[in-house]
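As structure tokens, the structure follows; a few thoughts come after it.
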Amino acid sequence: MTPKLFTLLLEAALSTLGISLVSIAIGFVIAMLLSAALLSGKSIYILPARLFISFFRGVPLLVQLLLIYTLLPVIGINVPGIVAAIVGLSLCTAAYQAENLRGGFASVPPGLIEAADVAGFTGAQTFIRIRAPIALRLTFPALVNEAIMILKSSSLVSVVGIIEITKMAQDLASSTYQPIPIFASAALIYFVINSAIALLGRYAERSLKGASA
Amino acid sequence: MSVPAIAIRKLVKRFGETTVLQDIDLEIPEGKVSCLIGPSGSGKSTLLRCLAFLEEATSGMITINGEALGFFEDANGRRERLPANQIRAVRTKTGMVFQQFNLWPHMTALGNVSEALKLVRKVPKAEAEERAMVQLRKVGLENRAGHYPSQLSGGQQQRVAIARALALEPKIMLFDEPTSALDPELTGEVLNVMRDLASEGMTMVVVTHEIGFAASVGQQISFLDHGRLLFSGPPAEIFAKPRHPRLEQFLDTYLDRGASMLA
């Protein structure tokens, strides 16, 4: 295991990290919209949101990625692998994050919403200023967990031609015949990144608590 | 005679098959403290929640300063829901204080009091906070402005909640058992703030178990039982010689409790 090989793995880690973080962020926005739809009380919004969530939770991510990569060109949208990867990961994590957020929203005490209601807040204002921030605090640990899951799941995007940590490690292992140090290095890189996310999460959680405890 | 602050006409509220309020007729005079008393489940909190439009009455009509709240009902009982912005406009004439305070936990005391000014009234941040401070000072908590609800005692939280309602300059303040969730030694500070408000001439509707407060501050006492308004009148009349057997029984329970506490 030479420093050069390790550098190659680190470079690949950048694409793992980049794709994962962008997907988590996009997924979060979609998840918020999905929760807003689920909370709207109108079946015209609720049903599509439910369908979305059950589909993306119910189909393996690997299949979703392959489907997106092969389906979009058929309907005339030619997407580079990286876009397919981000779309796949975003939609998948959106479904899981939406379920987490739904639990958080359900735990917001109704009295807090009534207080906003009597103060003249519109439904949207109540969502943005009261429901979402409180639900977010309640679900923050689950969201950190989901970020870690997505970072690990991003190893699947090699199927749409993205070179990330796992794919790079496989390629290097087969070209150098040193599978053990290379896969061990890959494991170490995943472990360090995810430990950092967990630590940052715990730090953020504490400062959120500090603001409300 | 002037328009009453609140007029309730033939108000009925049902939850499914259960009738919670039956034909309530009541006028709440302006500038007076009106107390709603009655046993648990009598419907007094539901009546107050109808006044805040947190519950929608099944039939009947409520007017606030002469303006219909939520629904307009004509003489033939035909009922029409008013547009949302009009409902909001009429609702903002009232401020509400809840039993459980319901302060927003992610905002400081100052944030809680200034939020609606900024968001609903579109008051610039600096001015909103200045006005919020005035209200916090009024409830004696200007030195707690930067505290989060969880850093405040129950009594302080309820005073912040009162300041939050006052910040929107309501014509009428609605209180839903404002001291029921408090330790007995903390009720005094909240009742004192309410007394101050009353002496300034604020129209107040108070659902309460504090019979002492009702007797000393209340100017109109309404007694509800099983969803019906059994009596409404000045405290002297209701407490001196209660005429209705249910009212007598209700007050006796309270006197008994007071007496047993002394024994």
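The values are calculated or read from the model by the stated rules, or taken from the named source; none is laboratory data. Not measured: the values here are computed from a predicted model. Cβ: placed from backbone, ideal geometry, glycine included. Neighbour counts: every protein chain shown.
Descriptive notes on the structure:
- Taking segment B:11-35 as the range and being in contact (Cβ under 8 Å) with a residue 24 or more places away in the chain and within 15 Å of B:Ile64 (Cα to Cα) as the test, the residues that pass are B:Leu11, B:Asp25, B:Leu26, B:Ile28, B:Pro29, B:Glu30, B:Gly31, B:Lys32, B:Ser34.
- Residues of segment B:123-160 classified as among the basic types (Lys, Arg) and without any contact (Cβ under 8 Å) to a residue 24 or more places away in the chain, total: 2
- Top-ranked residue in segment B:57-86 [being surrounded by 17 or more Cβ atoms within 10 Å (Cβ to Cβ) and β-branched (Val, Ile, Thr); ranked as farthest from the other protein chains (Cβ to nearest Cβ)]: B:Thr63
- Meets criteria (surrounded by 20 or more Cβ atoms within 10 Å (Cβ to Cβ), within 12 Å of chain B (Cβ to nearest Cβ) and hydrophobic (A, V, I, L, M, F, W, C)) for A:Ala132: no
- Segment A:98-148 - residue that is part of a helix (DSSP H, G or I) and among the polar types (S, T, N, Q) and, of those, nearest to B:Arg49 (Cα to Cα): A:Thr126
- So B:Gly77, is it more than 18 Å from the chain's Cα centre (by Cα), in a strand (DSSP E or B), closer than 30 Å to B:Ser2 by Cα and not assigned by TED's automatic domain parsing to the domain that holds B:Arg137: no
- Every pair of residues 6+ apart whose Cβ atoms lie under 8 Å, when the first sits in segment B:216-239 and is touching a residue at least 24 places away in the same chain (Cβ under 8 Å) and part of a loop (DSSP other than H, G, I, E, B) while the second is buried (at least 18 other Cβ atoms within 10 Å of the Cβ) and among the β-branched types (Val, Ile, Thr): B:Gly218/B:Val33; B:Gly218/B:Val206; B:Gln219/B:Val33; B:Gly227/B:Val20
- Flag for B:Ala57 being in a loop (DSSP other than H, G, I, E, B), under 17 Å from B:Gly227 (Cα atoms) and hydrophobic (A, V, I, L, M, F, W, C): yes
- Every residue from segment B:118-151 that is within 14 Å of another protein chain (Cβ to nearest Cβ), under 27 Å from A:Leu138 (Cβ atoms), crowded, with 19+ Cβ neighbours inside 10 Å and of a type outside the set (Ser, Thr, Tyr): B:Leu119, B:Ala132, B:Pro149
- Pairs with Cβ under 8 Å, 6+ apart, first in segment A:167-194 and free of Cβ contacts under 8 Å to residues at least 40 places away in the same chain, second aromatic (Phe, Trp, Tyr): A:Ala173/A:Phe183
- Restricting the first member to segment A:51-67 and to residues that are within 11 Å of A:Leu91 (Cβ to Cβ), and the second to residues that are of a type in the set (D, E, K, R) and surrounded by 13 or more Cβ atoms within 10 Å (Cβ to Cβ), the beta-carbon pairs closer than 8 Å and six or more apart or on different chains are A:Ile53/A:Glu99; A:Arg57/A:Glu99.
- Of all residues in segment B:80-106, those being in a loop (DSSP other than H, G, I, E, B), at pLDDT below 95 and of a type in the set (A, V, I, L, M, F, W, C) number 1.
- Of the residues making up segment B:184-201, just one is over 17 Å from B:Phe98 (Cα atoms) and of a type in the set (S, T, N, Q), namely B:Ser199.
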